[in-house]
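The values are calculated or read from the model by the stated rules, or taken from the named source; none is laboratory data. From a predicted model like this one, the values you see are computed outputs, not experimental measurements. Cβ: placed from backbone, ideal geometry, glycine included. Neighbour counts: every protein chain shown.
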Amino acid sequence: MFPLAITGSTAVVPDVTAQLPGADALGPWIVLAYNGLFAAALLLAGATADRSARTRFFAIGNIVVAGTGFLSALAPDLLTLVALRTVAGIGAAMCAAGGSSMLLAVYPPEERRRVYGYAGAVLGSSLALGPLVAQALMAAGGWPLVFVAPGAVATVAALATLTLPGLRSCAVSENFDRAGAVLFGVTVAAAVTALGLGFGAGVPWWVPVALVLVAAASAIGLVRVERRASDPAIPVDLLRIPAYRAYALATGAFMGMLVVGLAVLPQLGSAQGMGAGGAAVMLSLLTVPSTLLPLLAARIARRWARPLVTTALFTCAVTAVILQATNRPAALLLAAAVIGLCLGLTEGVPDGQALRYVPSERGGAGAALFSTTRMSLETFTLAAATGLMAALGTSSGLAVAGAVCLIAALVVRQAVPSRDTRSQPESLGSDISGPATQP
């Protein structure tokens, strides 16, 4: 449901902008508002999931997604649709945090790599089908169906989850720093909004400046609050683990490359005279490997997770550089195939590696922090790429995503031990739960 909500909404932006009244500059915010609030709300959602009945929390998130999906189909104008997508991002954060918290409550550390391999296969399939399903839904009933379909899936998920045990945790502290989580969300939301508005949204200059100031003030307040909190909103002990940080950065870089590629490659193909058939082939090369390869990736990651992730990141960066020199149709198809292969062979791998360090009673917070890093970096990458494309041309958007991949590759190479995947996950999980965690 989530990849369809992201890649599907990207596909409908032109149609929605043309058909609904409102400023054209609001069109990209159908995606940015969803992604930004998703990232901003994840940390608070994860901690709340750990302190509540996890399955009920997941069900409520699905109800929010379902309601906003159905209402989005009836939106009278662009501003209303963007507002509904903002609320949908909060509901999606509840689903993601609640779902990860459920998985980590059920499966011990030594089984999580396999579990996230299957999860990667499901998410990869959804990513691959997202653009195609969106096009099919638009052909069948117009852009409203692209929002109704995830809402229908969310409705089924909510009803099915209500029959499951609550999965409450007795080990988690009740003294959670909610003020810190809210300040973190405000910081992320203000920064994302400022970055998006700062690149040609047609608003007065003082609006993004004011948002930057809000983000800075929230960040300063967050630091002060976290220093005094007995149970900080940001799990600092997890952030002290280099491998956890590095794999979160790697996942954000991969997702940034995907969303930028989905936006940029079709535009480059259209400029080179590629028709609808060529564009469909290119998108298939970019997304279908994420359907076919995640289970193979999970097997490879048992012994070679670090080289697999770093090689894929370096390859994405090199491909982005090549596309700055040539964007002929053959080069575009090859680039889509290479990037798609890299994404498919790493789908779910960084997630499974990083979450081996998270004890089950803190599964929601640990998974939420990981997902927050990924979603924040993905959203920032997309916003920065959009702005650079407006200034320097379409292909420059991929340069931004490539630079992020290069930085992530260097960080993973330096931070993750070469034999990290052969260490015992049981000991890692027990180490992190105590006060003597090694940085």
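Matching residues to (1) of a type in the set (A, V, I, L, M, F, W, C); (2) in contact with a Gly (Cβ under 8 Å, 6 or more places away or on another chain); (3) within 29 Å of Trp29 (Cβ to Cβ); (4) buried (at least 19 other Cβ atoms within 10 Å of the Cβ):
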residue	(1), (2), (3), (4)
Ala88	yes, yes, yes, yes
Met94	yes, yes, yes, yes
Pro131	no, yes, yes, yes
Ala136	yes, no, yes, no
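Pairs needed: first member in the range 147-163, more than 9 Å from Ala59 (Cα to Cα) and at pLDDT 95 or above; second member anywhere, among the charged types (D, E, K, R) and in a helix (DSSP H, G or I); C-beta distance under 6 Å; at least 6 residues apart or different chains.
Filtered contacts from the range 147-163: no entries.
Kindly indicate whether Phe370 is among the aromatic types (Phe, Trp, Tyr) and either at pLDDT below 90 or buried (at least 24 other Cβ atoms within 10 Å of the Cβ) (or both). Please lay out each step first, then the result.
Details: among the aromatic types (Phe, Trp, Tyr): yes; either at pLDDT below 90 or buried (at least 24 other Cβ atoms within 10 Å of the Cβ) (or both): yes.
Yes; evaluated as a whole, the condition is true for this residue.
Could you list, in sequence order, all residues of the range 16-51 that are in contact (Cβ under 8 Å) with a residue 60 or more places away in the chain, outside any helix (DSSP H, G or I) and crowded, with 20+ Cβ neighbours inside 10 Å? If you could, list the steps in order and put the result at the bottom.
First, pick out the residues of the range 16-51 that are in contact (Cβ under 8 Å) with a residue 60 or more places away in the chain: 16-17, 19-20, 23, 25, 28-29, 31-32, 35-51.
Now narrow it down to the ones that are outside any helix (DSSP H, G or I): 20, 23, 28, 51.
If the condition is that a residue be in contact (Cβ under 8 Å) with a residue 60 or more places away in the chain, outside any helix (DSSP H, G or I) and crowded, with 20+ Cβ neighbours inside 10 Å, then Pro28 is the only one that fits.
Looking at (1) without any contact (Cβ under 8 Å) to a residue 60 or more places away in the chain; (2) farther than 15 Å from Leu398 by Cα, which one does Ala331 not meet, given that it meets all the others?
Answer for Ala331: the failing condition is (2).
Filter the range 287-310 down to residues that are at pLDDT 85 or above and within 21 Å of the chain's Cα centre (by Cα) and give me whichever is farthest from Ile407 (Cα to Cα).
Among residues in the range 287-310 that are at pLDDT 85 or above and within 21 Å of the chain's Cα centre (by Cα), the one farthest from Ile407 (Cα to Cα) is Pro289.
Among the numbered criteria (1) within 18 Å of the chain's Cα centre (by Cα); (2) modelled with pLDDT under 80, which single criterion is violated by Gly275?
(1)
Results for (1) basic (Lys, Arg); (2) part of a helix (DSSP H, G or I); (3) modelled with pLDDT of 90 or more, shown as yes or no for each residue.
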| residue | (1), (2), (3) |
| --- | --- |
| Ala59 | no, yes, yes |
| Val64 | no, yes, yes |
| Gly67 | no, yes, yes |
| Pro76 | no, no, yes |
| Leu79 | no, yes, yes |
| Val82 | no, yes, yes |
| Thr86 | no, yes, yes |
| Ala97 | no, yes, no |
| Ser101 | no, yes, no |
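So Gly99 fits all but one of (1) touching a residue at least 60 places away in the same chain (Cβ under 8 Å); (2) within 24 Å of Leu382 (Cβ to Cβ); (3) surrounded by 22 or more Cβ atoms within 10 Å (Cβ to Cβ); (4) within 18 Å of the chain's Cα centre (by Cα); what number is the exception?
The failed condition is (1).
Given the conditions (1) modelled with pLDDT of 80 or more; (2) out of contact with any Phe, Trp or Tyr (no Cβ under 8 Å at 6 or more places or on another chain); (3) of a type in the set (Asp, Glu), and given that Asp15 satisfies all but one, which numbered condition is not satisfied?
It is condition (2) that Asp15 fails.
Taking the criterion of being over 22 Å from Gly348 (Cα atoms) and either assigned by TED's automatic domain parsing to the domain that holds Ala194 or aromatic (Phe, Trp, Tyr) (or both), would at least one residue in the range 79-91 satisfy it?
The answer is no, given that none of the residues of the range 79-91 is over 22 Å from Gly348 (Cα atoms) and either assigned by TED's automatic domain parsing to the domain that holds Ala194 or aromatic (Phe, Trp, Tyr) (or both).
Of the residues that make up the range 111-133, is at least one modelled with pLDDT of 80 or more and in a helix (DSSP H, G or I)? I'd like the intermediate steps shown before the answer.
At the first step, the residues of the range 111-133 found to be modelled with pLDDT of 80 or more are 133.
Imposing the further condition that a residue be in a helix (DSSP H, G or I) reduces the set to 133.
Yes, that holds for at least one residue.
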